[in-house]
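Visitor: Can you keep this structure in mind? I'll have questions shortly.
FYI, it's all coordinate maths here, none of it is from the lab. What you see is a predicted model, and the numbers here were worked out from it, not measured in a lab. Note: ideal-geometry Cβ built from the backbone for every residue, glycine included; neighbour counts use all protein chains shown.
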Amino acid sequence: MFLKKYFLIILTACVLLTFFHLKDNIKNHFVKSNPEKSEGEKEELKVARDEYFFNIMKDPYINAIPENIRINELEFAKKIPQSTNLLLKESSSSKINWQEIGPFDVGGRTRAIVIDAANPNIIVAGGVSGGIWKSTDKGNTWKMKSSLSQVLSVTSIAQDIRPGFRNNWYAVGGEYRGNSASARGGSGSFYGGGFLKSTNNGETWIEIPTNIVSPTGVFWDSDFSYASKVIINPTTGTLFVCANGSGILQSADGGTTWGDVTNTYIIGGRNDHYYSDIVVNQSGVLVASLSQFFPNQSGNPQDYSPGVYRSTNDGLSWTNITPSSFPTSHARSVMAFIPSFPNWFYIFTYQNTRTNDRENISLFRINALTGEFFNLSANLPDLGSQQGYIDSQLSYNMAIAVHPTDENYVFIAGTSLFRSFDRFTTKPDNPKLNWIGGYHQTAFFYPKLHPDVHTLVFNPSNPDELWVGHDGGISYVSDCKTINYGTYMPWVDSDNGYAVTQFYTASIPYSNNDDRYAGGTQDNGTPYFRSSNGNNTLSKDVTSGDGSYLYFGSEYFYGSTQNGNLRRSGYSASKDINNSNYTSFEPDSATGQLFINPFVVDPVNEDFMYYISGRVLWRNDRLPLIPNNLSKTMVGWTKIDNILPSGYTFTTLTVSRL
């Protein structure tokens, strides 16, 4: 396929056409565009991201991502000869030595942080798609500890804190909520990589063979495909793992065998529950939560009703302690014991319903031994604006923690992080002191603590030091109780070298010896930086949102964000991207864009841009003439229609430099 272009320049479009008639059965920001989004809009955005990943990774014949495909891919790659004379000469690309150039100050989605019980300078963390990382200097620098041959999905890490066992660490992975799995009911996904163990204090990790057999009647091939949490009973060393779509597993031998001869699950069961959570106090008392039922494929009745359960015998038996006023409809719950009152715990629940475009969220404080409870749901934060309340984004981001020595300080998070000074006995009413991370009522993003919080961890050697894992990476504050600050809580960014950022695209200028780089990322915008001879500048996010395609032009920088939103920016005298000549200029009537939607600028004549939306190819031949500060436009845009038959869509394109 080719198109004749004006000015006798030839455009060569390389278009992947995907047929969609298969049965659908299965930290510095420049311009913030529309920062205030309703809860429904934010959730629609996440679902669109999930669908994008699903469509680029699926097998179109079965309309699903094949089971165990990453492991099979790695095994296949091992068998490919490094070069062969039977096909083509060894390509020059195979001789290239790759070097990481950055950015080194941007992290990524983090659900797991553990601080070494013996040495608080040692921290082990995990990225949802970036593997396991370790710091030995309190987060100032990081080194990757996962092998590149492993599946790099990490959702939870635990250390055996018993004296004599502290070199033993465990990890699980597979993010059930937050990728294509959740968007499609579990029918395709990014899998975890099994059950991982380290016996040398997190330096190296291996997958432990287990007795878990491949399940039948579910959408994935192992209970460890989606494992949201691993904990260790500090009194016995027994391991517990929460498996999505099932229940909770138990191992008394370091992860080799799970369950007993009669039942793999100590509570819950295969195909029984979407979500589960488990916590343990210092005395070994366990509390488990089970969500609403999973669509049971076998037709067998579920073993346990949704609710809250207690065990005082290492999981051998369970007592239902669900509060009488607990929501009848509930999806994911997360829990936290109160260390200074160890029989009490909090349970924070997404109810899977909504009222007036807000999620229904509940918060209970419960005595694990007596079942006494307090319903604190009415005291959850509501501090104004569209961000000043708990938004779990369909349970994607949920975390709760209690100060280790002062039970009055309770921290709870969804897209934003909030703090109570009185155990949520009263409703927080001070935005400055109660709303301490994520979004911000005036600054959009809270400085140095990115939105979408997933984990809250206290330093075992300093109970006032709080660490937070979020979509931007890792942050901490030395005194989580402080009120002595100006506008913002004094968070410290701990992402230096923590390279778990999820990149969609990357771009460099066409000119030689240019040291400018930029890339579009998941929820971290478009980091722009310079790198020369090993020296890097700090990065700047030049688009916000989910950064997408981009182009370094001679006069302008062109970027984009989710759903095909186009951005034009100018340059400073030193050719750094800045806000001069800023405008938003995607075609006003374009529809059907991909979540990460391609565009290309003609490098021969930079007045021309090509842009796709569904079945339509658009051409703009007047890029420099588009006025500044627009929000969509038709200036210069021409629709080139009727190219594709019904049911097809453009997914990528490029322009010849000849």
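Visitor: So how long is each side of region 440-479 along the principal axes, counting just the alpha-carbon atoms, biggest first, in Å?
Guide: The Cα atoms of region 440-479 stretch 34, 18, 11 Å along the principal axes, largest first.
Visitor: Which FRET efficiency value, to the nearest 0.05, do you get for F341 and F444 by plugging their Cβ-Cβ distance into 1/(1 + (r/R0)^6) with R0 = 51 Å? Before the final figure, lay out the partial values.
Guide: Details: r = 37 Å, r/R0 = 0.73.
After rounding to 0.05, the efficiency reads 0.85.
Visitor: Could you tell me which trypsin sites (Lys or Arg not before Pro) in region 585-623 are loop residues by DSSP with no more than 14 other beta carbons within 10 angstrom of their beta carbon? Please report the intermediate quantities before stating the final value.
Guide: Details: sites: R615, R619, R622; in loops: R615, R622.
Here the sparse-neighbourhood loop sites are R622.
Visitor: Still on this model: Do any of K79/K229; K229/K540; K229/K432; K143/K197; K143/K229 go past 28 Å between their Cα atoms, and which? Intermediate results must be reported in sequence, preceding the final value.
Guide: Numbers: K79/K229 34 Å; K229/K540 34 Å; K229/K432 32 Å; K143/K197 17 Å; K143/K229 23 Å.
Long pairs (Cα-Cα over 28 Å): K79/K229; K229/K540; K229/K432.
Visitor: Given the convex hull of the Cα atoms of region 416-482, what is a quarter of its surface area in nm²?
Guide: Working: hull surface 18.7 nm².
For the Cα atoms of region 416-482, the hull's average projected area reads 4.7 nm².
Visitor: What is the distance, in nm, between label points placed 7 Å from the Cα along the Cα-to-Cβ direction at I56 and at K632?
Guide: The modelled label-to-label distance comes out at 2.4 nm.
Visitor: May I ask for the Rg/Rh ratio of region 499-658, computed from Cα atoms with Rh as the Kirkwood radius, given to two decimals?
Guide: Working: Rg = 15.5 Å, Rh = 16.1 Å.
Over the Cα atoms of region 499-658, Rg/Rh equals 0.96.
Visitor: Which percent of Cα-Cα pairs in region 323-498 sits in each 5 Å bin, short to long?
Guide: So the P(r) values, bin by bin, are 1, 9, 18, 22, 22, 15, 8, 3, 1, 0.
Visitor: So how far apart, in nm, are the two label points at N536 and S329 if each is 7 Å from Cα heading toward Cβ?
Guide: Output for this residue pair reads 4.6 nm.
Visitor: Provide the gained length on full extension for the span I508 to N484, in nm with one decimal, where the gain is 0.36 nm per separating residue minus the Cα-Cα distance. Mind dumping the intermediate values first?
Guide: Working: separation 24, 0.36 × 24 = 8.64 nm, distance 4.38 nm.
Full extension from I508 to N484 adds 4.3 nm.
Visitor: Which loop chymotrypsin sites (Phe, Trp or Tyr not before Pro) in region 433-518, with loop taken from DSSP, have no more than 15 other Cβ atoms within 10 angstrom of their Cβ?
Guide: Details: sites: W435, Y439, F444, F445, F458, W467, Y476, Y485, Y488, W491, Y498, F503, Y504, Y510, Y517; in loops: Y485, Y488, W491, Y498, Y510.
Of the chymotrypsin sites (Phe, Trp or Tyr not before Pro), the ones in loops of region 433-518 whose Cβ has at most 15 other Cβ atoms within 10 Å are Y485, Y488, Y510.
Visitor: Further question: Can you list the GluC sites (Glu not before Pro) in region 357-450 that are in a DSSP coil and have 16 or fewer other beta carbons within 10 angstrom?
Guide: Within region 357-450, the qualifying GluC sites (Glu not before Pro) (loop, at most 16 other Cβ atoms within 10 Å) are E372, E407.
Visitor: List the relative contact order of region 323-498 as a percent without decimals, with contacts defined as Cα pairs under 8 Å and 6+ residues apart.
Guide: Numbers: 410 pairs, mean separation 25.3, N = 176.
It comes to 14 percent, rounded to a whole number.
Visitor: I would also like to ask the following. Assuming R0 = 22 Å, what is the FRET efficiency of I96 and S554, from their Cβ-Cβ distance, to the nearest 0.05? Could you put the intermediate results ahead of the total?
Guide: Numbers: r = 27 Å, r/R0 = 1.22.
Approximately 0.25, to the nearest 0.05.
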